Amino acid sequence: MDPIEDLRSKVLAELDRLRVLQDLSTKDAYRALHSVAVQLQLKQHQQWLQRKYPKYAGFFANGIDVVPSNISPELIEVTSEGHSDLFRVARLTWSLPFTKGYGRRLRFLVMDKANEKLIGIIGLQSPPLDFPARDLRFKYPKGEKIGLVNQTMDIYTLGAVPPYSRLLGGKLVALAAASREVREAYRRKYEGRTTEMESTPIAPHLVALTTTSAFGRSSIYNRLRYKDRLIAESLGYTQGYGSFHLSSFYKQFKDLLETQGVSTRGGFGVGPRIVWQTNERAFRKLGLPKALLQHGLQREAFLFALISNLDEYMAGETDRPIYYNEGFSDFAEWWRERWLMPRAQRVDGWHAWDKSEIQKMLLLPAAIREDGQHDG
């Protein structure tokens, strides 16, 4: 079969699979949608995982390693290769394709000091310049949208790993994203720096975060409060356009365009705009209508206001952000009382979690030992 026709047939088959899953409208269906790309990515990472996992396996907890009343959360910025590798291993256990983020980036680990185990991870990246759910929320002054949006970041990955996820550790990790330590890390990293594309100064203020749920309505972000303050404000749902459902084809799309003399380089090469453009151009070469890029799977969008006068600030009515001042320890104590202890007393399935399941998630052979050796 002609390579172009073969690729076209495979894309159409995947879109047919999507339509079936879309009719189911369940979180399991959303996960199934991503399964092909996730499995492919894990296979591509196998050599790296077999080399790295034994070194970091000790940071994943069994259920018996966790005593809820003793959990002592700590927020750690990813600044070393070891931090980065642990972050990457954890992220590869999830049922979504792994992405490194793009543009400005901040990454954090949330650890349990009581046993030196990983609770969860946070990844922040440059925000999309056009994000309808966010842009309808604010009244930007004419000509100032880019400068204001660039004082926000997008949460591109966030969550807890088992068994902490079963103790609502995801709520703790989400609260951590709104902490004083995160915005201070942003200021330390970017104050005095300029943007790569336009060489304009990067404002040291981080005033808000945005994100979208992974699978429809979010159980982590909904009703996320600190005392009387809503931390994650729902902005409604996305319009169901995007390219994540075709991520397993992205390399093939790039190869197709390059062989046809169409450059796939542009911007920084890894942002959502160039990904979208590459998919659009590949669809034209394959004779497929652009309308098929509407996957129809809506995600809930959320806004984390880090300042109390966000509306006025984004409207250009003031240039002085008034920050909420809660630190990570404040949020951790609130999480303990509001979510952790009630959950631990009500649910006990987390006790039985065996971290050998992590190896199964990563497609790793059970024979790999934590000391980096192989049995047998």
**Item:** Long pairs among 171/355; 145/227; 189/290; 171/251, criterion Cα-Cα beyond 28 Å
**Value:** 145/227; 189/290; 171/251
**Asked** Which of the aspartates and glutamates could a cross-linker span from residue 100 if the Cα-Cα distance has to be under 19 Å and same-chain partners fewer than 8 positions apart are dropped?
**Response** 77, 81, 85, 154, 196
**Prompt:** How do 72, 329, 179 rank by accessible surface area computed with a 1.4 Å probe, from largest to smallest?
**Reply:** 329, 72, 179
**Asked** Put a dot 7 Å past each Cα toward the Cβ at residue 187 and residue 113; how far apart are the dots in nm?
**Response** 2.3
**Request:** Any aspartates and glutamates with Cα under 18 Å of the residue 142 Cα? List them, leaving off those in the same chain fewer than 8 positions away.
**Result:** 130, 311, 312, 317, 319
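The values are calculated or read from the model by the stated rules, or taken from the named source; none is laboratory data. Quick caveat, the model's predicted, so the values are computed rather than measured. Virtual Cβ from ideal backbone geometry, glycine too; neighbours counted across all protein chains shown. Ligands, DNA and RNA are excluded from the accessible area calculation, which covers all protein heavy atoms including side chains. Shrake-Rupley method; radii C 1.70, N 1.55, O 1.52, S 1.80 Å.
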